[in-house]
Every structure is written in C-alpha cells, then in structure tokens.
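Everything below concerns the one structure shown next.
The values are calculated or read from the model by the stated rules, or taken from the named source; none is laboratory data. Values in this document were obtained by computation on a predicted structure and should not be read as measured data. Reconstructed Cβ throughout: ideal geometry from the backbone, glycine too, with neighbour counts over all protein chains shown.
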Amino acid sequence: MLAGPVLAQDQMPAAGRAETMPAVGRPVAKIVSPAWDREQRRDQRGEFADVVKALGIGPGQTVADIGAGAGYYTVRLSPLVGPQGRVIAQDIEARYIQDLRKRVAAEKLENVRFVRGTESDPKLPVGAVDVALMIHMYHEIGQPYALLSRLRASLKPGGRVAIVDLEREPQYHGMPRDLLVCEVRAVGYELEKLTDLEVGYLAVFRLGAPVDAAKVKACRG
C-alpha cells in the first residue's frame, strides 16, 4: 500500500513528565512555509548528501523527518533506507501532511508513514527510530524541552537526534549553536558532533542519562 496511514495513538510513547518542562527562554519563529529553500538549490549545495554521510544513514534504518513540511528529506530518504527501512514523515501542520501524502503516493514510495505531532510531543512510535531529523525547523518549536523529553522514548538504543539550522537569532529563522546545544543537553542528550555545512551547521546528539523534569532550567538566548 502506498503512503501508509498516520500512526495510531496506541503506537505512541507515554507522555511521562514532559508536561512539567519549563517554557522556552527565547523567541520562537513562526511557521511560514513548508519548505526552507528551493529543492534544486539545496541539492546543488549538497545539503542532503552531507547530512546523510555525516549520519551514516543507510538501508534498513528508520528515520523520523520531524517537521517534514514539503518532504525534501522524506522523498530522498525513502529510497536510501530501502524496502526494509522506514521514513516517518512528521509535522504539526495537517495541510503539510496532506500535501506530502499526495507527493509520496505520486512518487510511489511505499516505506513512508505519517504522524501529526504537536509542539510538545512528536508522537513517534516507542523505541522505533534510528535517527530523528529536525531540519531548519528547530527554531519554530514552541516547547522544545517537552518535545525533546518525549522524543527520548522513541529512539532505539544508540539512536541519534540530528539538527540542521543557521547561525542566527531564532526570530530570524535560525538558532545560535551554543543556545541549541544548551537546550538539547538540558533534557539529557549528549553532543556527539557539531559540523559546519555549506549553509548552516549540523548538530548530532545521543541519549545521555535521563534528567528529572523538575530540574530542567530554560537556557536563555
């Protein structure tokens, strides 16, 4: 069956104590478009190829494209992970998911599934994800501490979170790298690598020790 269904609620991780996480301590950019830039230009810059190489994404893996938007990463990841792999295209905007479902069906990609999340909960399956991508959208997350906390349950052992963003203030659709690292570390992730791209940077995190929600402090921008 092409373009699989939105995953059912009973496949989602429990909320845990993420609801007690602090509010964000910086501006949050508005969602203005399902695409960060023209796909041809992104390909010319080698963005997708560089990110995939840095992460070692390959056949059989499950990759969550959080904030998938128009599907630039989703449609390129699908053939890369192959029939034994899976791409989970996630977004909080219903209209983006609807449009991406049509694109996936038109391109006959059979290993893509869809999830509609929220600002505080990605709603991904428990223990299913090898790599969770957040590409040029982290600065739009209104409740990053809660979302990242809930995301922990969705990662496989050794799973990683990879974030691509620009070195600029959040209200201008970027994220200073030091502030990004502070926020992600605050809920118990460890920085694995921080790499410059032709445009922006890639930050990769692994799970560290869990952090008591009551002890998480908001980083200030």
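General remarks:
- Taking region 103-146 as the range and being touching a residue at least 40 places away in the same chain (Cβ under 8 Å), over 17 Å from Val81 (Cβ atoms) and of a type in the set (A, V, I, L, M) as the test, the residues that pass are Ala105, Val126, Met134, Met137, Ile141, Ala146.
- Elements of type helices (runs of 4 or more DSSP H) in region 33-84, at least 1 residues being within 17 Å of the chain's Cα centre (by Cα) and within 21 Å of Lys123 (Cβ to Cβ): 72-81
- Residue within region 144-167 that is among the polar types (S, T, N, Q), within 15 Å of the chain's Cα centre (by Cα) and either modelled with pLDDT of 95 or more or under 20 Å from Met21 (Cα atoms) (or both) present: yes
- Being in contact with a Gly (Cβ under 7 Å, 6 or more places away or on another chain) and under 27 Å from Pro125 (Cβ atoms) is a property that Gly221 lacks.
- Residue selected from region 194-221 under the condition at pLDDT 95 or above, touching a helix residue (DSSP H, G or I) at 6+ places or on another chain (Cβ under 9 Å) and not in a loop (DSSP other than H, G, I, E, B), by the criterion surrounded by the fewest Cβ atoms within 10 Å (Cβ to Cβ): Thr195
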